[in-house]
Structure formats: structure tokens, C-alpha cells
Amino acid sequence: MSATPLLQLRDLRVAYGAIEAVKGISLELAHGELVSLIGANGAGKTTTLNAIAGILPTAGGELLYEGKGIETLPAHLRLRRGLALVPEGRGIFTRLTVEENLRMGAYCRRDEDGVEADLERVFTMLPRVKERLQQVAGTLSGGEQQMVAIGRALLSRPRLLLLDEPSMGLAPLVVEKIFEVIRSVAAEGVTILLVEQNANLALEFSQRAYVMESGRITLAGTGAELLADPKVRAAYLGE
Amino acid sequence: METLLQQIVNGLVVGSMYALIALGYTMVYGILGLINFAHGDVLMVGALVALEAIRLLQIHAPELGLVPTLLAGLSISVVVCMILGYTIERTAYRRLRNAPRLAPLITAIGVSFLLQTIAMIIWGRNYHSFPQLLSTAPLEAIPGVFITPVQITILVVSATLMVALVVLVNKTRLGRAMRATAENHKVASLMGVDTNKIIAATFIIGSALAAVAGVMFSSNYGTAHYAMGFLPGLKAFTAAVLGGIGNLGGAMLGGLVLGLVESIGGGYIEDLSFGFFNSSYQDIFAFIILGVVLIFRPTGLLGERVADRA
Ligand SMILES: Nc1ncnc2c1ncn2[C@@H]1O[C@H](COP(=O)(O)OP(=O)(O)OP(=O)(O)O)[C@@H](O)[C@H]1O
Ligand SMILES: [Mg+2]
């Protein structure tokens, strides 16, 4: 693939009113990489992902996608370029059925056959979802909702998938299942930026990772390097 | 017995018009959390534009039959109101999307006054008689119970439009996007939905229904007037609240129930109040219902969520 990174943040700043939550961070993702972003509560991870996806405005710095600045591009047009976010808390449409939620993921697609084929692929990956297609999504369990949220994002055929704490509030077995799905998505060549509280899991799982603290990136490296780093062990792995 | 049946017929006719207007209130509320108080005035514009169009057609194209003239007038009025609804959203409400909720509410009242004032400048303060293109001669449906061709048309057209709307909202891609946007604008935009377009579409659809209702009102009562939108608007708002604001089925149910209560209650109000009120006081039922619902069941008959929108 080309040498231009798929996603590049240069000194990116994001603020809520006068309060800056992301204070100039730089990071990049090459095509096909699986990278995670870890950090304590309130570090600014969600803020970062939301700004990349376009549901929060940037307050400074550059946000390059496929080499082009997208700072002012509205969220719905970013999705059309292949940038999808599974938001924190899943963002399920609770009053729509499971099937309608999934079809919302394919909202911008006109290739009906492709959509049907992708739906089938999602069903093979997430068999639980298929059994519940006509159920109102608000009545699903947390794990099922997370699966629908991921399946929905996949139906947009993303090139870059941003995942905000997909393991939040889920039992270990369900988390395992979800990470399996993420791994198979990555294996298909989708570039992934994963935000996780569970640092151990994230670091073992990804090729590279960034550590975020109070709005800044303080460490970066391969998953293995960071797992071995005493500071990381002390701060995020409870040692 | 015939009296009661007659009142039910009348109630359903008026109620189906309330329902059409209430749908506009409830759709906008569902998607924006905004009470569009100018909605009743869109109905008024619909009626007056149709009146004007029909007058012109009668002068310049007298060979056109009655029904084609009415349909042409109605179509023109629907198109004008769709543009009007879009313009109101675009110019008055969109920039207030993130403002505190009182701001768009006050703006809505301002838009209402503006539309009435403009209509008053164009059409004056008098009541205009609305051309009777369909017969208002009562037919005896069953012995003692009468219904006019206009009323039959109102029932059929409203029922058709309501079914069409339900299908649109529940079965189409646009409808799915409307429901998704109503639930969460941000997540909808993450799905690639241009939420501004969806909101505009909501105003446009609601305004089209209001235009049709305006023509129905004027056809049924034979008049049109710059302030005619106020009372039906307020009653349809009551109907929407009664059914559960934000809920489509609720708006329809609320409209029909309100129409029936008014019509039946109007028939007995003289007895109930020992002759103190006569049937011309039937408007008070709407406000009694509004008060009672807001006090005892603010979520309405079918609504569950009212306060869950930020
Ligand atoms: N809507 C908001 N308005 C004001 N401040 C906010 C808002 N959302 C987040 N913040 C603040 O921005 C900072 C970063 O929050 P963010 O949600 O990005 O953290 P996070 O790393 O995702 O945390 P967590 O792991 O708990 O999800 C926090 O200090 C938070 O209080
Ligand atoms: Mg977060």
C-alpha cells in the first residue's frame, strides 16, 4: 500500500467550551494496522475518537485521513469516506429493531446485493444477532448490543474502524467473543483504532499502542514494549 | 340514538383533521424536541393559498371541472406549504438547534405571529368564503344520520394520508433514518445520515399534511381567515399531547378522541351545565383535556418517553 498513513493526527486539540480535553496529540495509523489507545478515566480517549469521527469539532492541529485534512468535514461525510466509529456506550437505536439497526449501518450504500452478502457475513460472525433480528434493540443484553453496534459499523464497509471500549461492562466470555470478532475484522485488512480500559487485553491484542494521560500522549510503542514497560505496568496493569 | 351516531360521525370528521395536524406537531417534536407553534399557521396559509389559487383558476380556467380545480388548488397549496415549512426550519429553527430550549419555543411563537401578520396584509382581516367545490348537501347515511360529500372526502383522504405516513415512517429508508435521527442525532450522523436533511424532510412532510388539513377545514366550514390556524393548531397540539407527543399513533388516536369528545360533549354540554353553556362552548373540552392530561398523565395515552431527550 501507499506510504501515506491512513490516519494522521498532528498536534490535535479538542475542547469542551473553554476546557481543553485533548491538548495537542499526534498519532498515526498505517493501512491495515491494529492500534490501541489506552489511558485512565478522563484521559481524553473518547474525546479523541469523537473528534476523528466528526461528532466533536477540533480546536486546533491537523486531522488527516488518507492524506487529506478532514477537520471541517461533517460526520456523515466522513462515514461515506470509510471512517466508522462504534461509539462509547454502543449508540444502539433502542427503539429500532436489530435488523433496522444493522441496515442503518448500510444507509449510504446502494449495492443491495453487497449489503445482503455483508449481512450474511455479520450473521456468521455474530450468530446471536441473527436470532434476534426482529427484536427491538433496546431489549438486547449489553453484549448483544455491542455485537449489533460492531456489526452495524461493519455494514458500512469501513476502511478505518474506531472502537470505543467495546468491552465496557461485559462479562469476560463475551469480551473474548468480541475481541475474536475484532481480530477477524482486522485480518480482513480493516485498519482499527481501539480504545480500551483493559490495558492488558489491548496491549496483547494490538500491534502498536499509545498511552494517553490528561489529554496528552505520554508513551507509544509496540504492544509488547508497552507490556514490558514498568511505568505502564504500574499505572495500567495494577502492579 | 341518532343524535349520538350523528355526533360520532361529526366527531370523526373533525377528529381526523385534528389528527392530520397533530402528526406535524408530533413528528417535529419527536425529532427536535420542539413544539412548533407556527404549525397551525401553516394550515392557515394552506387554506388561503388554496382559496386564492381556486379563485384564479375559476377566472382564468373556468372550463376546468370542479374537482380538477379543487385538486389543482390543493396541490398548489401543498407545494407552497412544503416550501414554507422548509423555509421556517432553515431560517428560524436550524440556527437555534443547540440553543436553550426556550429560544426556539419563543421563536416559534414569533414565526406564528409573523405568518398571521403577513396573511393579514395579503388577505385582510375579513372572513373569505371558501369556494364549495364539493357538495355540502347532507346525505342520509342511515335514517336520521347525515353526512356530506365533503365530510366523506375528509375521512377518506385523512385515512389514506395517515396510512401512507405510517408506511413511510416504518417501512422506508427515509422513515428509518427519521426514527434513528429522532432517537440520536449524533449516532445517526455516524451512520452517514445527513440529519439536517432528515429534519428538513420532517418539516416538509408535516407542512404538507397541514396544507391538506387547511383545505379540509375551509371546505368543511366554508370560510378562510388569517387567524383560522390558531384554534385548530392549539387543539391539534392538545391531541398530540393527549396521544403522547412524539408518538405517531398517539397523534392519530388523540385527534380522533378529541374530535369525538368535542362533538359528543358539545351535544350534552347544555344539559350538563344546566343550560349555562350551549354547544358553542364546545372548544373548552380541548383545554379541559389538555389540563387533565398534563396533570395526570403528561406522557399521554400512548407515550412512554417524554423527558428523555436532551
Ligand atoms: N461533554 C463534555 N463536556 C465537558 N467536558 C467533558 C465532556 N465530555 C468529556 N469531558 C471531559 O473531557 C475529559 C476527557 O473525557 P473523555 O470522555 O474523552 O475521557 P476518556 O478517556 O474517554 O475516559 P473514560 O475512560 O472514562 O471513558 C474529561 O475530563 C471529561 O470530564
Ligand atoms: Mg471514554
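Okay, residues lined up against (1) at negative phi; (2) at pLDDT 95 or above; (3) away from ligand 1 (no atom under 16 Å from the Cβ):
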site: A:Arg152; (1), (2), (3): yes, yes, yes
site: A:Ser156; (1), (2), (3): yes, yes, yes
site: A:Glu176; (1), (2), (3): yes, no, yes
site: A:Glu180; (1), (2), (3): yes, no, yes
site: A:Val195; (1), (2), (3): yes, yes, no
site: A:Ala228; (1), (2), (3): yes, no, yes
site: A:Ala235; (1), (2), (3): yes, no, no
May I ask you to list the residues in region B:31-46 that are in a helix (DSSP H, G or I) and out of contact with any Leu (no Cβ under 8 Å at 6 or more places or on another chain)? B:Ile31, B:Leu32, B:His39, B:Leu43, B:Gly46
Would region B:221-241 turn up any residue that is within 14 Å of chain A (Cβ to nearest Cβ) and either farther than 30 Å from A:Leu85 by Cβ or crowded, with 23+ Cβ neighbours inside 10 Å (or both)? no
Among the residues of region B:192-222, write down those that are of a type in the set (S, T, N, Q) and more than 17 Å from the chain's Cα centre (by Cα). B:Thr195, B:Asn196
Matching residues, region A:51-61, being in contact (Cβ under 8 Å) with a residue 40 or more places away in the chain and more than 23 Å from A:Gly223 (Cβ to Cβ): A:Ala53, A:Leu56, A:Pro57, A:Thr58, A:Ala59, A:Gly60, A:Gly61
Within region A:99-124, restricting attention to residues that are crowded, with 17+ Cβ neighbours inside 10 Å and more than 13 Å from chain B (Cβ to nearest Cβ), which residue is nearest to the chain's Cα centre (by Cα)? A:Val122
Would you check which residues across region A:28-48 are crowded, with 17+ Cβ neighbours inside 10 Å, of a type outside the set (Lys, Arg) and within 14 Å of ligand 1 (Cβ to nearest atom) and list them? A:Ser36, A:Leu37, A:Ile38, A:Gly39, A:Ala43, A:Gly44, A:Thr46, A:Thr47, A:Thr48
Out of the residues in region A:27-45 meeting the condition of being within 16 Å of ligand 2 (Cβ to nearest atom) and farther than 18 Å from A:Leu203 by Cα, tell me which one is farthest from the chain's Cα centre (by Cα). A:Gly42
Which residue out of B:Thr202, B:Thr195 is within 14 Å of chain A (Cβ to nearest Cβ) and crowded, with 21+ Cβ neighbours inside 10 Å? B:Thr195
Looking only at region A:62-80, how many residues end up being touching a residue at least 60 places away in the same chain (Cβ under 8 Å), buried (at least 16 other Cβ atoms within 10 Å of the Cβ) and outside any helix (DSSP H, G or I)? 2
I'd like the residue in region A:1-27 that is more than 16 Å from ligand 1 (Cβ to nearest atom) and surrounded by fewer than 18 Cβ atoms within 10 Å (Cβ to Cβ) and, out of all such residues, is farthest from the other protein chains (Cβ to nearest Cβ). A:Ala3
Log entry, pairs with first residue in region A:82-96 being hydrophobic (A, V, I, L, M, F, W, C), second being assigned to a loop (DSSP other than H, G, I, E, B), beta carbons closer than 6 Å, six or more apart or on different chains, reads A:Ala84/A:Ser156; A:Ala84/A:Pro158
Filter result (under 20 Å from A:Gly32 (Cα atoms) and basic (Lys, Arg)) within region A:60-104: A:Lys68, A:Arg78, A:Arg80, A:Arg81
Looking at this structure, is B:Ala19 aliphatic (A, V, I, L, M) and touching a Leu at 6+ places or on another chain (Cβ under 7 Å)? yes
Residues located in region A:32-62, provided they are within 14 Å of another protein chain (Cβ to nearest Cβ) and among the hydroxyl-bearing types (Ser, Thr, Tyr): A:Thr46, A:Thr47
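The values are calculated or read from the model by the stated rules, or taken from the named source; none is laboratory data. The structure presented is a predicted model; accordingly, all values stated were derived computationally and were not measured. Using ideal geometry, Cβ is built from the backbone for each residue, glycine included, and neighbour counts are taken over all protein chains shown.
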